[in-house]
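Structure first, then comments.
The values are calculated or read from the model by the stated rules, or taken from the named source; none is laboratory data. Here the structure is a predicted model, which means the values were calculated and not measured. Virtual Cβ from ideal backbone geometry, glycine too; neighbours counted across all protein chains shown. Accessible surface areas use protein heavy atoms only, side chains included; no ligands, DNA or RNA. Shrake-Rupley method; radii C 1.70, N 1.55, O 1.52, S 1.80 Å.
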Amino acid sequence: MLRNRRFWLLLMLGMLVLTGAGYFALVRTTRQWFASDLALRTKLAVEAAGESLESHWHDSPDALRRTLASLTRDERIMAAAACSAGGMMLAASDAYPESFSCEALLHRARWGNSVNQRWSFESDLPSGRVHLGIVPMRDSSGGGFVVLVHDLSYLDRREATTRWLLVAGFLAVTLGAVLLTMMAARIAWRDWTQSLRNALGGNSRAEFLPLLRDVHEMAERLSTERNLEQVGGRWSPERLRATLRQHLDGERIVVLANREPYMHQKTATGMKVLHPASGLVTALEPVMRACSGVWVAHGSGSGDRDTVDEHDRVAVPPHAPAYQLRRVWLSDAEENGYYYGFANEGLWPLCHVAHARPTFRADDWTHYVAVNQKFADAVCDEVDVEDPIILVQDYHFALAPKMIRARLPHATILTFWHTPWPNAERIGICPWREELIEGLLGSSIVGFHTQQHCNNFVDSVDAFVESRIDRETKTIVQGERRTVVRPYPISIEWPVHWLSEVAPVAEARSLVRKELGLPDNALLGIGVDRLDYTKGIEERLLAVDELLLRYPEFRGRFTFVQLAAPSRTKIERYRELNDRVEAVAAKINETWGSGSYQPIILLRAHHEPVDVFRFYRAAEICYVSSLHDGMNLVAKEFVAARNDEQGVLVLSQFTGAARELTEALIVNPYDLRHASDALAVGLKMPADEQRERMRSMRRLVAEFNVYRWAGHMLVDAAEVRRKERMFGRFPKRPSHKAVR
Ligand code: F6P
């Protein structure tokens, strides 16, 4: 509509400009014609009266006046005068204007004392515009000249008439053009809709189904987006709660994740609550605080059993309870087979391109199946309606969705896979690939961080299980069951609640330098990870080595602190990594260290979030060097910590985060030269550039925060439910059943 209006306006404007230009060109040309016409008339008139004028020129002023008067009988010649060569008026007709004295005319034409050529000009008199034609007399008349004054008022009248004709013409043409265009559009529309109607009415309806589906889908998306916008503003806990209320009647959420958000640990000084180093926990915990419900997880803390009630539940967060943590207990054999074995020696290396060989053992698989069933049962025990909303997390629970579906056919199950999903060929390595995929297809929605991972998953389904894949709607159909596959890039809470307990940047800088025994002007780099081979920690330290080798100005000044949380240490590959990282750090320190200066500080321990954020704030640079990572939330946390808008993020191109945080210095962590150059650029980066990059990344993380991630998944879940109810697969409103 708006476009149409603009088109018509432009059309009118164009025509107006053209008409104006035409009008001025026309007036100019006709004027030129009239001027030369008048000059000719003047010449002819004077020539016709030439003999009479000459004979009376010198001696008979009365006769000369009569001759001049006879010239004015022409209706357009107003007056005439005869002037001597010296500028004296010899005679003039009655109405000759005083302002055109012979002397003034000589002066105006700068002729000096004689007139030697024809000349004309226009002038305004109170009575109107006039044209003066001046014709020199022959030498026998002593070089004088005759002046004829033409009335030009008729010319003005003609111009006015032309103008009106043009305006009327313009209006008529514009109106005609508009009417013609409208008629043409109407006829075209009628023909098009008629042929579409014919087509849809006939056998070719199927040809238009994709089009209709697109239109339908677009309308649904627009309405969903509009609904989301109605709640309005940046995503926050409040907005997430409102979304849950609006779209899912405020139902409780049940989360299934292996890692628990709060771990009770017995220590010499009493019971301690730990916050595990896990991207999954970082993302999901704020969502649960906002939505409330139950989080079902493995109780792995030494004090966990002592802190639950008779249903194995504990309210968390401990100091401001907002939801329930339901702990599930595993025997050593179960933990070894399911967690260490199949999940972390099989699936973890399978999903990451980090050159660790996946190991698949039948015993581990048996445990994986049994433990998935155990957790699925625990989830089913926690729900209190027939169609609960269940969020299944990660590669630990690929089978659980199908198992939950078997007990709760009407559940809305959202499964989010936190690691990358590799290509079909690689998935083919797993001896139980069909079971894994079938298990996941028990979900209503399967989410990944990126579209690439979604595509890989759909290709794997295509390669290994019986199903119909609708690539348009990204849906996999197996009989009655439909599973939507969508990307939902995960994020962190905004603002990060831990930051209220962390010292401001300047204070954190000096605190950390003091803690590490570094001078105030030391340049600090930071890395924060679980000690995992996918994180590229060795490559990171080697890049620092390369930096010190190639940029001597940083020797003695730059220190890199690696916070490394020990992880999965029962697995040989992790213990090996631990030793290798330690050896690399020692070697670099030996090469470049001197006196108290150690370029690498390896802090191998669990660090609580408040400590981690203090380090983020203290550092000049943060290097995330993952060899393969679904998203990587350390990168986003560093950005969130830097409310001073300073600090440089060097980020591996193999993280999901690199697709969003494009203002980071993006590197290939395998390319040590490139990575060390990026570190040098980062350490020398002017404050203004740091601010510009950081500001832009902060805007992005603030906007695309974890509440948005969860909100979008929940709204999609509501949509799936609405459709299922609409198609009558289960009752409109479930009857509540007390499970316990
Ligand atoms: O990448 C998936 C993920 O769940 C991360 O969120 C987390 O860092 C890790 O895997 C799990 O670690 P853990 O085995 O210690 O729970």
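On the basis of being outside any loop (DSSP other than H, G, I, E, B), over 31 Å from the mean Cα position of the chain (by Cα), more than 16 Å from the ligand (Cβ to nearest atom) and free of Cβ contacts under 8 Å to residues at least 60 places away in the same chain, does VAL294 make the cut?
Values: outside any loop (DSSP other than H, G, I, E, B): yes; over 31 Å from the mean Cα position of the chain (by Cα): yes; more than 16 Å from the ligand (Cβ to nearest atom): yes; free of Cβ contacts under 8 Å to residues at least 60 places away in the same chain: no.
No, not satisfied.
Kindly provide the set of residues from the range 242-290 that are more than 16 Å from the ligand (Cβ to nearest atom), modelled with pLDDT of 95 or more and basic (Lys, Arg), ordered by number.
Once the filter is applied, which keeps residues that are more than 16 Å from the ligand (Cβ to nearest atom), modelled with pLDDT of 95 or more and basic (Lys, Arg), the range 242-290 yields LYS266, LYS272, ARG289.
Based on this model, can you work out whether ARG568 counts as within 16 Å of the ligand (Cβ to nearest atom), part of a helix (DSSP H, G or I) and either of a type outside the set (Asp, Glu) or open to solvent by 10 Å² or more (accessible area, probe 1.4 Å) (or both)? Steps first, please.
On the way: within 16 Å of the ligand (Cβ to nearest atom): yes; part of a helix (DSSP H, G or I): no; either of a type outside the set (Asp, Glu) or open to solvent by 10 Å² or more (accessible area, probe 1.4 Å) (or both): yes.
Criteria not met by ARG568.
Scan LEU53, LEU26 and give me the residue that is in a helix (DSSP H, G or I), at pLDDT below 80 and open to solvent by less than 90 Å² (accessible area, probe 1.4 Å). Can you show your working first?
On the way: LEU53 fails: at pLDDT below 80.
Just a single option satisfies the conditions, and that option is LEU26.
Answer with yes or no whether VAL650 is within 28 Å of the chain's Cα centre (by Cα), more than 16 Å from the ligand (Cβ to nearest atom) and open to solvent by less than 10 Å² (accessible area, probe 1.4 Å). If you could, list the steps in order and put the result at the bottom.
Details: within 28 Å of the chain's Cα centre (by Cα): yes; more than 16 Å from the ligand (Cβ to nearest atom): yes; open to solvent by less than 10 Å² (accessible area, probe 1.4 Å): yes.
Taking the combined requirement at face value, the residue satisfies it.
How many residues are closer than 15 Å to VAL369 by Cβ and buried (at least 23 other Cβ atoms within 10 Å of the Cβ) if we restrict to the range 404-429?
The initial filter retains those residues of the range 404-429 that are closer than 15 Å to VAL369 by Cβ, namely 404, 406.
Narrowing further to those that are buried (at least 23 other Cβ atoms within 10 Å of the Cβ): 404.
Qualifying residue count for the region: 1.
Out of the range 235-247, which residues are surrounded by 21 or more Cβ atoms within 10 Å (Cβ to Cβ) and over 26 Å from ASN632 (Cα atoms)? If you could, list the steps in order and put the result at the bottom.
Residues of the range 235-247 surrounded by 21 or more Cβ atoms within 10 Å (Cβ to Cβ): 235, 240, 243-244, 247.
THR243, LEU244, HIS247, listed by residue number.
Examine the range 345-366 for a residue that is more than 16 Å from ALA257 (Cβ to Cβ), in contact (Cβ under 8 Å) with a residue 60 or more places away in the chain and of a type in the set (Ser, Thr, Tyr), and state whether such a residue exists.
No, the range 345-366 has no match at all.
So which residues in the range 248-275 are open to solvent by less than 20 Å² (accessible area, probe 1.4 Å) and not polar (S, T, N, Q)? So that I can check it myself, show each step before the final result.
Of the residues in the range 248-275, the ones open to solvent by less than 20 Å² (accessible area, probe 1.4 Å) are 248, 253-258, 260-262, 264.
If the condition is that a residue be open to solvent by less than 20 Å² (accessible area, probe 1.4 Å) and not polar (S, T, N, Q), then LEU248, ILE253, VAL254, VAL255, LEU256, ALA257, GLU260, PRO261, TYR262, HIS264 are the ones that fit.
Any residue at all in the range 355-366 that is out of contact with any strand residue (DSSP E or B) (no Cβ under 6 Å at 6 or more places or on another chain) and within 30 Å of ARG252 (Cα to Cα)? Don't jump to the end; show me each part of the working.
Filtering the range 355-366 for residues out of contact with any strand residue (DSSP E or B) (no Cβ under 6 Å at 6 or more places or on another chain) gives 355-366.
Those left that are additionally within 30 Å of ARG252 (Cα to Cα): none.
Checked against the condition, which is being out of contact with any strand residue (DSSP E or B) (no Cβ under 6 Å at 6 or more places or on another chain) and within 30 Å of ARG252 (Cα to Cα), the range 355-366 yields no hits at all.
Given (1) open to solvent by less than 20 Å² (accessible area, probe 1.4 Å); (2) in a loop (DSSP other than H, G, I, E, B); (3) under 23 Å from ALA378 (Cβ atoms), identify the lone condition not met by GLU285.
(2)
Assuming SER567 fulfils every condition listed in (1) in contact with a Lys or Arg (Cβ under 6 Å, 6 or more places away or on another chain); (2) under 13 Å from GLN598 (Cβ atoms) apart from one, which condition is it?
For SER567, the exception is condition (2).
Results for (1) free of Cβ contacts under 8 Å to residues at least 12 places away in the same chain; (2) assigned to a strand (DSSP E or B); (3) on the phi < 0 side of the Ramachandran plot; (4) hydroxyl-bearing (Ser, Thr, Tyr), shown as yes or no for each residue.
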residue	(1), (2), (3), (4)
HIS58	no, no, yes, no
ALA80	no, yes, yes, no
ASP124	yes, yes, yes, no
VAL130	no, yes, yes, no
GLY133	no, yes, yes, no
GLY143	no, no, no, no
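Could you please let me know if ASP462 is without any contact (Cβ under 8 Å) to a residue 60 or more places away in the chain and open to solvent by 60 Å² or more (accessible area, probe 1.4 Å)? Quick ask: steps written out before the conclusion?
Values: without any contact (Cβ under 8 Å) to a residue 60 or more places away in the chain: yes; open to solvent by 60 Å² or more (accessible area, probe 1.4 Å): yes.
Yes.
Among all residue pairs at least 6 apart or on different chains, which show Cβ distances below 9 Å where the first residue, located in the range 39-55, is farther than 14 Å from VAL147 by Cβ and the second is open to solvent by 50 Å² or more (accessible area, probe 1.4 Å) and among the hydroxyl-bearing types (Ser, Thr, Tyr)?
GLU54/SER140
Select from the range 665-686 the residues that are open to solvent by 30 Å² or more (accessible area, probe 1.4 Å), touching a residue at least 12 places away in the same chain (Cβ under 8 Å) and under 14 Å from LEU523 (Cα atoms) and list them in ascending order.
Once the filter is applied, which keeps residues that are open to solvent by 30 Å² or more (accessible area, probe 1.4 Å), touching a residue at least 12 places away in the same chain (Cβ under 8 Å) and under 14 Å from LEU523 (Cα atoms), the range 665-686 yields only VAL681.
Every residue, every condition in (1) free of Cβ contacts under 8 Å to residues at least 60 places away in the same chain; (2) crowded, with 20+ Cβ neighbours inside 10 Å, yes or no:
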site: GLY517; (1), (2): no, no
site: GLY525; (1), (2): no, yes
site: LEU531; (1), (2): no, yes
site: THR534; (1), (2): no, yes
site: GLU539; (1), (2): no, yes
site: VAL544; (1), (2): no, yes
site: TYR551; (1), (2): no, no
site: ARG557; (1), (2): yes, no
site: LEU563; (1), (2): yes, yes
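I'd like to know if the range 4-21 contains one or more residues that are within 18 Å of VAL149 (Cβ to Cβ), assigned to a helix (DSSP H, G or I), open to solvent by less than 40 Å² (accessible area, probe 1.4 Å) and in contact (Cβ under 8 Å) with a residue 12 or more places away in the chain.
Within the range 4-21, the subset within 18 Å of VAL149 (Cβ to Cβ) is none.
No.
Pick from the range 302-316 the residues that are farther than 18 Å from LYS374 by Cβ and open to solvent by less than 10 Å² (accessible area, probe 1.4 Å): which of them is farthest from the chain's Cα centre (by Cα)?
Per the stated criteria, the residue is GLY303.
Just to check your reading of the model, which residue among ALA95, ALA172, ALA104 is of a type outside the set (Phe, Trp, Tyr), under 60 Å from the mean Cα position of the chain (by Cα), over 17 Å from VAL46 (Cβ atoms) and loosely packed, with under 15 Cβ neighbours inside 10 Å? Can you show your working first?
Details: ALA95 fails: under 60 Å from the mean Cα position of the chain (by Cα); ALA104 fails: under 60 Å from the mean Cα position of the chain (by Cα).
Step by step, each of ALA95, ALA172, ALA104 is checked, and only ALA172 is of a type outside the set (Phe, Trp, Tyr), under 60 Å from the mean Cα position of the chain (by Cα), over 17 Å from VAL46 (Cβ atoms) and loosely packed, with under 15 Cβ neighbours inside 10 Å.
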